[in-house]
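Here is the structure we will look at, set down as structure tokens.
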Amino acid sequence: MSILTPDILTELEKQSIELPSWAFGNSGTRFRVFGTPGTPRDPFEKISDAAQVHKYTALAPAVALHIPWDMSDFGDLRKHAEDLGVQLGTVNSNTFQDEDYKFGALTHEDAAVRRKAIDHHLECIEVMDATGSRDLKIWLAEGSNYPGQADMRARQDRLHDSLSTIYAGLGDEQRLVLEYKFFEPSFYHTDVPDWGTSYAQVAALGDKAMVCLDTGHHAPGTNIEFIVMQLLRLGKLGSFDFNSRFYADDDLIVGAADPFQLFRILFEVVRGGGLNNPDVAFMLDQCHNIEDKIPGQIRSVLNVQEMTARALLVDRDALAKAQSANDVLAANAVFMDAFYTDVRPALAEWRESRGLPADPMAAFAASGYLSQIAADRVGGTQAGWGA
């Protein structure tokens, strides 16, 4: 008898994790971007690669876009995605690669620069209209490097005004999701450095504005699952960007650094009603610079699935009973028993029962897809940071 009950399998079958289009382009370190044979040269080839992840896992039915990196004929791109069995998802804006934004975009002192940044986001909303996307995700590389360099309070006021204008441009079914990041590229202060600042800004906008939590965007030692709990409790957790970090915003394969942390986060997602909740979008945000892109994404979505299964195995009744009795060791034992349960054989068996490969990584490797695109995608410019 499988350790995964029918109720757990029902929840796992509904799980979906959006992929980032940029994960399939070339990426690297601060010092070099590394090329790989077969790297996509345009958004259509990115979508083709992303569809491979869904083909072998049934976990990744949507692909997020980054504007202007993924500019194209969006009607054609949407049809291309649908023909491959996936859809276009979150639209991500970009105000961190333009010379005008050196000292800020939505927070800039100059009203003309702020207007340019606002207009970019309104153009992103037009892309959402064309692709059928629901969420506009905003990450801002804005702040200052030195004490006294900027009026931090005035920048918050300007940010609110800019976001309000963007928010007013949303359609009835569209949302604004504001990401935060502890630091980088600004080192003294960042305009949206933490969940509290993001929450304060989106709460002032309205019900269609939410917080995006990137698991790599926190100070070392931060209890991320506490933040997950609080945002779910407040009804403002709009989306996740799953990745993994050892030191800072490392954007590594999900669960690579701390699988237990991923388990703890997903337990709070389950506990707070965030699993398979249409208001809480799961997405990856990782840029591989040494491993092949498609297998890296497959590994990540499988890691999320595995830790979700373990989180669903927690005996919630026994846990609540131990917590109520202040039985510290019993409560911890319930938690740890679920984490240490090896769900991989049961998941492999379940995949096969659904017509999926028991081992998606091995099945993809055997498909020959990587060697085929390396042979086919010769010439042109490979996609990478900025394209």
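The values are calculated or read from the model by the stated rules, or taken from the named source; none is laboratory data. Since the structure is predicted, the reported quantities are computational estimates derived from the model, not experimental observations. For neighbour counting, all protein chains shown are included, and Cβ atoms are generated from backbone atoms with ideal geometry for every residue, glycine included. Please note that ligands, DNA and RNA were not included when accessible areas were found on the heavy atoms of the full protein model with its side chains. Shrake-Rupley method; radii C 1.70, N 1.55, O 1.52, S 1.80 Å.
Values computed for the structure shown
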read-out	value
Filtered residue count, the stretch 288-310, keeping only those that are assigned to a loop (DSSP other than H, G, I, E, B) and either open to solvent by 30 Å² or more (accessible area, probe 1.4 Å) or at positive phi (or both)	4
Residue list for the stretch 250-278, restricted to those being at negative phi and in contact with a Lys or Arg (Cβ under 7 Å, 6 or more places away or on another chain)	L252, I253, A257, F263, G272
Residue within the stretch 183-194 that is among the aromatic types (F, W, Y) and in contact (Cβ under 8 Å) with a residue 60 or more places away in the chain present	yes
Set A374, A330: member being surrounded by 11 or more Cβ atoms within 10 Å (Cβ to Cβ), small (G, A, S) and in contact with a Gly (Cβ under 6 Å, 6 or more places away or on another chain)	A374
Members of the stretch 122-164 that are among the hydroxyl-bearing types (S, T, Y), open to solvent by less than 40 Å² (accessible area, probe 1.4 Å) and in a loop (DSSP other than H, G, I, E, B)	S133
Hits in the stretch 23-44 - residues which are open to solvent by less than 30 Å² (accessible area, probe 1.4 Å) and either farther than 19 Å from C287 by Cβ or part of a helix (DSSP H, G or I) (or both)	A23, F24, P43
Restricting the stretch 203-248 to residues that are touching a strand residue (DSSP E or B) at 6+ places or on another chain (Cβ under 8 Å) and of a type in the set (D, E), the residue that is nearest to T190 (Cα to Cα)	D214
Residue in the stretch 3-22 that is surrounded by the fewest Cβ atoms within 10 Å (Cβ to Cβ), counting only those that are over 19 Å from G384 (Cα atoms) and among the aliphatic types (A, V, I, L, M)	I3
